[in-house]
Amino acid sequence: MNKMKKTGLWLGVTTLTLSLAVLYFPTWTPKIKGTNPIHALEQVKINGTGHEIMIRGQDLDNPVILYLHGGPGASEIPYAKKHQDLLESQFTIVNYDQRASGKSYHFFEDYSNLSANLLVEDALAVTDYITQRLGKKKVILMGHSYGTYIATLAAHRAPDKYEAYIGIGQMADTQQSEMDGWNYVMEQALLADNHEDVEQLEQIYEPIKQGQAFTPRDIVKRYGGTSRLMDSPDTSFLGMTFSHEYNMLDAIRFNKGIIYSQEILISEALSRPLPSLITKLDLPFYFVMGDYDLMTSSHAAKVFFDQIEGNQKEFIGNNNSAHYPHYEEKQRFFDWMVDTFIKHKP
């Protein structure tokens, strides 16, 4: 074998080895210092399918938060610890990838029965697993974006399982929310003299008005309706691949799962908005909204909030943030959480 062929073979083997290493590199969540800490990343079979669960906190005696990510299909595990570090000092936080999302997407599994109702059943089953595993009677249920759709239904179905429900970027009447977003970004596009955005928004106006479509998220992001005090969380292929909790294979799972989940679940959320399903919640509940949120409008969330009957409820507006008030105004959110659930428990 001549020298050139040997070099080519060596490069090929090296490339293949590196590719396999990145693809299947072991994943973990970093250790936490504390009096009785927990840092776990595990795959657990719950309700008939494997769920990826991350648990982090400095003291297992602290209250537990069960966090439902949005999307549909948009796991937050790859970047959660970056934004929840303050909360980890006073709470134990459980993030999990929902069925067919992120590391809970399994290539050869049949997801033809995927629905919001199934995800609610999963959430309740995960709740039971977590309360037993961590020795708690109840947990705090927290949802973000589409996660609020599932979490609100879970809180409505089984309020006895939860100390309280917190909806961040709360979904409400999707048609109203999308029209709020469309009106704002159209105004901004006209002010910016952006003819391309104006034309695209004009073309999609009727489907949005009929409750059949969402305002294009790239346009919403361009005009500050996604985040204002920080860059949007990194969900890029490379960003996920080089996180501790995800490898390249997991990033592939994420992308396949989000496409599949959104195709099925978004139309369901449009046709069955939460205000048509829920008029009362039998537990303390809180909506935490960014005033500039155009992914799930604060105005639509407030209308929904006012319509829900409840003995203890609070609407918390954040006037500097958009769709991620718990990340964009992290210190303020942390202070509110401590004041509400530790200093003055409901």
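Taking amide H as placed 1.01 Å from N in the peptide plane, the amide H of A164 sits under 5 Å from that of L141, each at least 5 places away or on another chain. Given the chain, what percent of its DSSP beta bridges are antiparallel, to the nearest 5? Bridges in the chain that DSSP calls antiparallel: roughly 30 percent.
So, counting K/R as plus one and D/E as minus one, what does the shell of residues with Cβ under 14 Å around D128 add up to? Residues close to D128 contribute a combined charge of +4. Think of each Lys and Arg Cβ as +1 and each Asp and Glu Cβ as -1; about the Cα centre, that makes the dipole of segment 28-343 roughly 1080 debye. Counted by neighbouring Cβ atoms within 10 Å, the residues V288, V338, V139 run from fewest to most as V338, V139, V288. In sequence order, segment 48-54 has phi-based couplings of x, 8, x, 10, 7, 10, 10 Hz under the Karplus curve 6.51 cos²θ - 1.76 cosθ + 1.60, θ = phi - 60°, and Gly or Pro positions carry x. Extension gain, T35 to K343, is 108.9 nm, computed as 0.36 nm per intervening residue step minus the present C-alpha separation. Here the chain is treated as an ellipsoid with the same Cα gyration tensor; its semi-axes, largest first and in whole Å, are 33, 28, 19.
Annotation for segment 213-264 versus segment 66-139: alpha-carbon center distance of 17 Å. Normalised by the number of residues in the chain, the average gap of Cα pairs under 8 Å and 6 or more apart makes the relative contact order 20 percent. Annotation note: chymotrypsin sites (Phe, Trp or Tyr not before Pro) in segment 144-190 located in DSSP loop regions with a Cβ neighbour count of at most 16 within 10 Å are absent. Restricting segment 110-152 to trypsin sites (Lys or Arg not before Pro) that sit in a DSSP loop and have at most 13 other Cβ atoms within 10 Å of their own Cβ leaves K137. Each stretch of four or more DSSP H residues adds -39500 (n - 2.57); spread over every residue of the chain, this sum gives -14000 deg cm²/dmol at 222 nm. With K and R counted +1 and D and E -1, the other residues having a Cβ less than 10 Å from that of Q212 yield a net charge of -1.
Rule-based calculations on the coordinates, nothing more; no lab input. Only a predicted model underlies this, so the values are computations on that prediction, with no experimental measurement involved. So basically every Cβ, Gly included, is an ideal-geometry build from the backbone, and we count neighbours across all protein chains shown.
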